[in-house]
Amino acid sequence: MKLSTKGRYGVKAMFDLAQHMGEGPTSLKSIAERQGISEHYLEQLVSGLRKAGLVKSVRGAQGGYLLGREPDKIKIGDIIRVLEGPIAPTDCVSEEDPELCSKAEFCVTRAIWEKVRDSIADVLDSITLETMLEDAQKIESERNLYMYYI
């Protein structure tokens, strides 16, 4: 299973909003520049995130986007599901409306795909934007720990 740029860029954009929370609305242009994402593509991603309530838009000259919920309430799995669809390595084990084949009841490989789906979902649902912010702080403090000045 491979995530498309939708999911990867969506997580990057949401993390950017989390990093700049409290600074007021953030423009798509500034997110696009900081994250190296096309502004036009970002507009498409944010539209879906806004419809799902993960992002709020603010109109006007000082407008832009804000997180729709607190960072500890937004799971990476939420973002991926909005942008990529249900998490599933195959259609027969989709989280929503699995397409069952005639061999589903005795299919040995189906059990494998269910375990893969559940493992991926567990990981994505165990990480929030808050978790990512904490990880970024740890990385930054470790980076600064080894700075030497002469």
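Every read-out reported here was derived from the displayed coordinates using simple, explicitly stated rules and does not represent laboratory data. All values reported here derive from a predicted model rather than from experimental measurement. All Cβ positions, glycine included, derive from the backbone under ideal geometry; neighbour counts span all protein chains shown.
Here are some notes:
- Neighbour cut-off at most 13 other Cβ (10 Å), DSSP loop, chymotrypsin sites (Phe, Trp or Tyr not before Pro), the range 87-150: TYR146, TYR148, TYR149
- Of the trypsin sites (Lys or Arg not before Pro) in the range 63-100, those whose Cβ has at most 12 other Cβ within 10 Å and which sit in DSSP loop: none
- Descending semi-axes in whole angstrom, ellipsoid equivalent of the range 5-145, from the Cα gyration tensor: 33, 19, 12
- Amide H to amide H, with H built 1.01 Å from N, ILE87 comes under 5 Å of GLU95, counting only residues 5 or more places away or on other chains.
- Extended-chain gain in nm, criterion 0.36 nm per residue less alpha-carbon gap, GLU99 and ASN144: 11.1 nm
- Cut-off of 10 Å, at most 11 other beta carbons, DSSP loop: longest stretch of the chain lacking such GluC sites (Glu not before Pro): 24-95
- For trypsin sites (Lys or Arg not before Pro), the sites in the range 1-51 that DSSP calls loop and that have at most 12 other Cβ atoms within 10 Å are LYS2.
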